[in-house]
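Please read the structure below before turning to the comments.
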Amino acid sequence: MSSAEGCSVLFEPVQIGPVTARNRFYQVPHCNGMGHLRPQAEAAMRAMKAEGGWAVVSNQETEIHPTSDLSPFAENRLWDERDIPALRLMTDAVHGKGSLAAIELAHNGHHAQNHLSRAPLLAPSELALQTAYPKQARAMDKADIREFRKWHRAAARRSREAGFDIVYVYAGHHMTLPHHFLLPQFNDRMDEYGGSLENRVRLTREILEETKEEVGDDCAIALRFAVDEMLGSEGMQAQEEGRAVVEMLAELPDLWDVNVADWSNDSATTRFEPRDGFQTSYIEFVKQVTSKPVVGVGRLTSPDLMASLVRKGILDFIGAARPSIADPFLPNKIKEGRIEEIRECIGCNICVSSDSLGVPIRCTQNPTMGEEWRRKWHPEIIERRVKEEAALVVGSGPAGLECAMQLARRGYEVTLAEAKQELGGRVLQEAGLTGLSAWKRVTDHRIYDLQQRGNVQLFTDSPLSASEVVELGIPNVFVSTGAKWRRDGRGKSAFHGVSIGLGSRVFTPDDIMTGVVPEDGPVVVYDDDQAYLGGVLADHLAQAGREVFFVTPASLVSPFTELTLEQTKVQRSLLEKGVHLNLSQTLANVASGQVTLQCVYTGRENSIECSSVVLVTQRMRETTLYDELCGTNAGLLNTLELIGDAANPGLIADAVYSGHMAARNFERNADDIDREFFRRELVSLEPV
Ligand code: ADP
Ligand code: SF4
């Protein structure tokens, strides 16, 4: 692994126009579901990145005008000067930790929907919204373009007033007007803003020049530009028009922030893009074309890769959104040679899912993400123990491992017992499926940490009964025994389960994850869970050479994965592997050799011949140990707490969070915990 000296290049200061970054770590703009609705949370979360060593900390797309209204999503907002104080909270907090603050000014054109403002939608051409909402954007006339330029100028001025050091012009992700003007798929104008590339670039050039004129003496001007749409010859390509755009505007911005479009490609999950640094081949030309510093991304978590990207002259700044979410202290850990302590992003996009839902950000790897302000959680600091000395954690899934690790960090003597031969619980199982191997980082990080500590004892092959727990004599017990997939078909669509005939061969996801592959013959994967696992299992079984019928009551494959920007890729992958899709169908019954399906709309039945069925429906909490401890032995224990999937089945992120919460709250006053729950940003009732 890298030495701290090998990485010294990463800690050189870099000039960006009139400002200087103290090192090469750059948190590029990313959404966090806080934005203008939760400005104190936003400030605290960004400041944590600065504290962790990111020299530049950006906010997220910042609406510059009511015609760019992203409601109900909570992005940043700078419609007028009344928005400045909220943004200043962030710049003050980031400056307080010695970093530069960047603002990503955005006019989202027809990507905005203006549901709150009810303002007209603007676009280069007559365009329908890409969502199902029946609204259209109008082609901007010359007066509209002049207005837009005025709004952007005013927003740049206000950005400086709010204390930002770097001001973005944003032409990326298919999400903003400058990008829409650049791309023929959105722009069929016949005037000087359409047609030739020179014409399509005009608006971006004007905005850059005007932003520079307005604030360029004090602030650096960054251009965020997607060099490739990842559509092959159907779209802009890095080696053709993408390069030509960079050549045309080469010296105009003070910094190039380059990536690929759309967002699902830029924030690709490890399931579909396992390579760290996967954008390098698209963006590596940029530094040959401009003398200005360049920042790029691609889930960069390896210090060696980072240093080599700088040494090879590909990047000046190591850009990160997700790696900085999973580990806000990544730069400091590299600087201090604590490479093994880095919590590597697993590329699951649960962070993105919270933005998609309009709630504050969360992260599978970093349970403190999004909790900096409301719970005052710090990713690297946790309170020392109070009076109690020892704790037992039963079960080593994500909840148990996180709970044990945090208890150990607090100074308790921790015993962790796992029934199986290996630590890891569901993570170990799920990471064995096609496309999910990077998820194992969740357990690798925690097991490594636990193994380094003198106050931790780890036991595998140790299924504990209630009497054995009592015999151990440890008075504080956290039960993280997880949950198992049901075998009876009970789920969203079948509260009383599915009729399963004698002789039928039924498997659960747990069976498949422990390595069972149903014998030859067609397999039905019935996905009533509708999250990610059903799709993964179908993919996995098809990869193993089985003929797969994917049946789901949903009208598309794995609808949950829309939130993680994967749904299109999931459905494409199944179709490409020859999986037969039976959508909008419930499973009426399973018999030997066939299943009967029922249309969710008409109730009409049809059947499929198959030799086995995998039921992905619902999970059953594993609470036997907890129930026994509650029943007869509760009085012998000071603490008995059920955590993780055994308490509430959910995502791996939820299990980690639950384990973290239990460890933080241990020995805290229960009334305080209940009363505080978390701090909230309440709406001011003052007249404005
Ligand atoms: P979570 O997601 O809540 O962490 P998991 O299902 O991933 O839960 O992990 C639960 C773990 O607990 C599994 O590895 C399982 O083998 C283990 N386990 C269940 N019951 C016992 C028990 N009685 N003693 C020890 N380990 C147990
Ligand atoms: Fe990475 Fe997943 Fe955390 Fe997002 S939620 S930062 S993808 S580990």
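Among (1) open to solvent by 10 Å² or more (accessible area, probe 1.4 Å); (2) part of a helix (DSSP H, G or I); (3) polar (S, T, N, Q), where does SER159 come up short?
(1)
Which condition does VAL523 not pass, out of (1) open to solvent by less than 10 Å² (accessible area, probe 1.4 Å); (2) over 13 Å from GLU609 (Cα atoms); (3) touching a Lys or Arg at 6+ places or on another chain (Cβ under 9 Å), if it passes all the others?
Among (1) open to solvent by less than 10 Å² (accessible area, probe 1.4 Å); (2) over 13 Å from GLU609 (Cα atoms); (3) touching a Lys or Arg at 6+ places or on another chain (Cβ under 9 Å), VAL523 violates only (2).
Only one of ASN665, ASN633 is at pLDDT below 95, over 28 Å from LEU436 (Cβ atoms) and open to solvent by less than 60 Å² (accessible area, probe 1.4 Å); which? I'd like the intermediate steps shown before the answer.
Values: ASN665 fails: at pLDDT below 95.
Only one candidate qualifies: ASN633.
What number of residues within the range 636-660 satisfy the criterion of being out of contact with any Cys (no Cβ under 6 Å at 6 or more places or on another chain), over 27 Å from HIS36 (Cα atoms) and assigned to a helix (DSSP H, G or I)?
So the count comes out to 9.
What is the one condition in (1) within 18 Å of ARG200 (Cα to Cα); (2) of a type outside the set (S, T, N, Q); (3) without any contact (Cβ under 8 Å) to a residue 60 or more places away in the chain; (4) crowded, with 21+ Cβ neighbours inside 10 Å that GLU126 does not satisfy?
Result: GLU126 passes all but (4).
List pairs: first in the range 363-379 and assigned by the TED database to the domain that holds ALA662 and at positive phi, second in a loop (DSSP other than H, G, I, E, B) and within 16 Å of ligand 1 (Cβ to nearest atom), Cβ under 9 Å, 6+ apart or cross-chain?
Going by the 9 Å Cβ cut-off, there are no qualifying pairs.
Please find, among GLY650, GLY659, GLY603, the residue that is within 27 Å of PRO553 (Cβ to Cβ) and surrounded by 15 or more Cβ atoms within 10 Å (Cβ to Cβ). Step through it out loud before you land on a result.
Details: GLY659 fails: within 27 Å of PRO553 (Cβ to Cβ); GLY603 fails: surrounded by 15 or more Cβ atoms within 10 Å (Cβ to Cβ).
Unique residue meeting the criteria: GLY650.
I'm checking my understanding of the structure. Among residues of the range 562-593 that are open to solvent by 50 Å² or more (accessible area, probe 1.4 Å), not in a strand (DSSP E or B) and not hydrophobic (A, V, I, L, M, F, W, C), which one is farthest from ASN349 (Cα to Cα)?
Per the criteria, the residue is SER592.
Given the conditions (1) under 26 Å from the mean Cα position of the chain (by Cα); (2) without any contact (Cβ under 8 Å) to a residue 24 or more places away in the chain; (3) more than 9 Å from ligand 1 (Cβ to nearest atom), report the number of the one that ARG446 does not fulfil.
For ARG446, the failing item is (2).
Here's a check for you: in the range 493-515, which residue that is among the hydrophobic types (A, V, I, L, M, F, W, C) and assigned to a loop (DSSP other than H, G, I, E, B) is modelled with the lowest pLDDT? Break it down into steps so the answer makes sense when it comes.
Going residue by residue through the range 493-515, those that are among the hydrophobic types (A, V, I, L, M, F, W, C) are 494-495, 498, 500, 502, 506-507, 512-513.
Then drop every residue that is not assigned to a loop (DSSP other than H, G, I, E, B), which leaves 495, 498, 502.
On the way: PHE495: 95, VAL498: 96, LEU502: 92.
Applying the filter and picking the extreme gives LEU502.
Could you grab me the full set of residues in the range 609-630 that are away from ligand 1 (no atom under 11 Å from the Cβ) and buried (at least 18 other Cβ atoms within 10 Å of the Cβ)?
Scanning the range 609-630 gives CYS610, SER611, SER612, VAL613, VAL614, LEU615, VAL616, THR617, GLN618.
So which pairs qualify, if the first residue must be in the range 477-488 and within 17 Å of PRO398 (Cβ to Cβ) and open to solvent by 40 Å² or more (accessible area, probe 1.4 Å), the second must be hydrophobic (A, V, I, L, M, F, W, C) and assigned to a strand (DSSP E or B), the Cβ gap must be under 9 Å, and the two must be at least 6 apart or on different chains?
THR481/VAL394; THR481/LEU642; LYS484/MET620
Quick check on this structure: which one of ARG446, ARG453, ARG409, ARG426 is more than 24 Å from ARG275 (Cβ to Cβ), open to solvent by 30 Å² or more (accessible area, probe 1.4 Å) and within 16 Å of ligand 2 (Cβ to nearest atom)? Spell out the reasoning first.
Values: ARG446 fails: open to solvent by 30 Å² or more (accessible area, probe 1.4 Å); ARG453 fails: within 16 Å of ligand 2 (Cβ to nearest atom); ARG409 fails: within 16 Å of ligand 2 (Cβ to nearest atom).
Every option except ARG426 fails the conditions.
Those residues that are under 15 Å from LEU87 (Cα atoms) and open to solvent by 20 Å² or more (accessible area, probe 1.4 Å), I need them from the range 31-64; list them, please.
CYS31, HIS36, LEU37, ARG38, PRO39, GLN40, ALA44
Going by the conditions given, is ASP520 of a type in the set (D, E, K, R), at pLDDT below 95 and not in a strand (DSSP E or B)? Write out each step before concluding.
Values: of a type in the set (D, E, K, R): yes; at pLDDT below 95: yes; not in a strand (DSSP E or B): yes.
It is true that ASP520 is of a type in the set (D, E, K, R), at pLDDT below 95 and not in a strand (DSSP E or B).
Check every one of the helices (runs of 4 or more DSSP H) wholly within the range 163-261 and list those with 1 or more residues that are in the same structural domain as ALA112 (by the TED database) and of a type in the set (D, E, K, R). Step through it out loud before you land on a result.
Values: elements: 177-182, 197-215, 243-249.
It comes to 197-215, 243-249.
How many residues does the range 374-428 hold that are closer than 25 Å to ASN332 by Cα and more than 9 Å from ligand 1 (Cβ to nearest atom)?
Taking the range 374-428 and keeping what is closer than 25 Å to ASN332 by Cα, we get 374-384, 401-411.
Checking which are more than 9 Å from ligand 1 (Cβ to nearest atom) leaves us with 374-384, 404-411.
Adding up the residues that qualify gives 19.
Applying the selection to the range 129-142, what residues are open to solvent by 70 Å² or more (accessible area, probe 1.4 Å) and over 15 Å from SER71 (Cα atoms)?
Applying the first criterion (open to solvent by 70 Å² or more (accessible area, probe 1.4 Å)) to the range 129-142 yields 130, 132-134, 136, 138, 141-142.
Across the range 129-142, the qualifying residues are GLN130, ALA132, PRO134, GLN136, ARG138, ASP141, LYS142.
Just a yes or no: is a residue in the range 417-426 part of a helix (DSSP H, G or I) and in contact (Cβ under 8 Å) with a residue 40 or more places away in the chain? Let's see the steps before the verdict.
From the range 417-426, those part of a helix (DSSP H, G or I) are 425-426; that's our starting set.
Applying the additional criterion that residues be in contact (Cβ under 8 Å) with a residue 40 or more places away in the chain yields 425-426.
Within the range 417-426 (the criterion being part of a helix (DSSP H, G or I) and in contact (Cβ under 8 Å) with a residue 40 or more places away in the chain), the answer is yes, since at least one residue qualifies.
Out of the residues in the range 318-348 that are open to solvent by 20 Å² or more (accessible area, probe 1.4 Å) and small (Gly, Ala, Ser), which is nearest to ligand 1 (Cβ to nearest atom)?
ALA321
Output the residues belonging to the range 668-688 that are under 24 Å from VAL479 (Cα atoms) and open to solvent by 100 Å² or more (accessible area, probe 1.4 Å).
Correct list: ASP671, ASP674, PHE677.
Residue by residue through the range 583-615, note down the ones that are on the phi < 0 side of the Ramachandran plot and of a type in the set (S, T, N, Q).
As a first pass, look at the range 583-615 and keep what is on the phi < 0 side of the Ramachandran plot: 583, 585-592, 594-602, 604-615.
The answer is GLN585, THR586, ASN589, SER592, GLN594, THR596, GLN598, THR602, ASN606, SER607, SER611, SER612.
Considering only residues that are in contact with a strand residue (DSSP E or B) (Cβ under 6 Å, 6 or more places away or on another chain) and either outside any strand (DSSP E or B) or not assigned by the TED database to the domain that holds VAL517 (or both), which ones fall in the range 601-613? Lay out the reasoning, then the answer.
Taking the range 601-613 as the starting set, the residues that turn out to be in contact with a strand residue (DSSP E or B) (Cβ under 6 Å, 6 or more places away or on another chain) are 605-610, 612-613.
Hit for the range 601-613 is CYS610, nothing else.
Would you check which residues across the range 260-291 are more than 15 Å from the chain's Cα centre (by Cα) and buried (at least 23 other Cβ atoms within 10 Å of the Cβ) and list them?
VAL260, ALA261, GLN279, ILE283, VAL286
The values are calculated or read from the model by the stated rules, or taken from the named source; none is laboratory data. Everything numeric here is computed off the predicted structure, so don't read it as measured data. Backbone-built Cβ (ideal geometry, glycine too); neighbour counts: all protein chains shown. Protein only, heavy atoms only, side chains kept; ligands, DNA and RNA dropped before computing areas. Shrake-Rupley method; radii C 1.70, N 1.55, O 1.52, S 1.80 Å.
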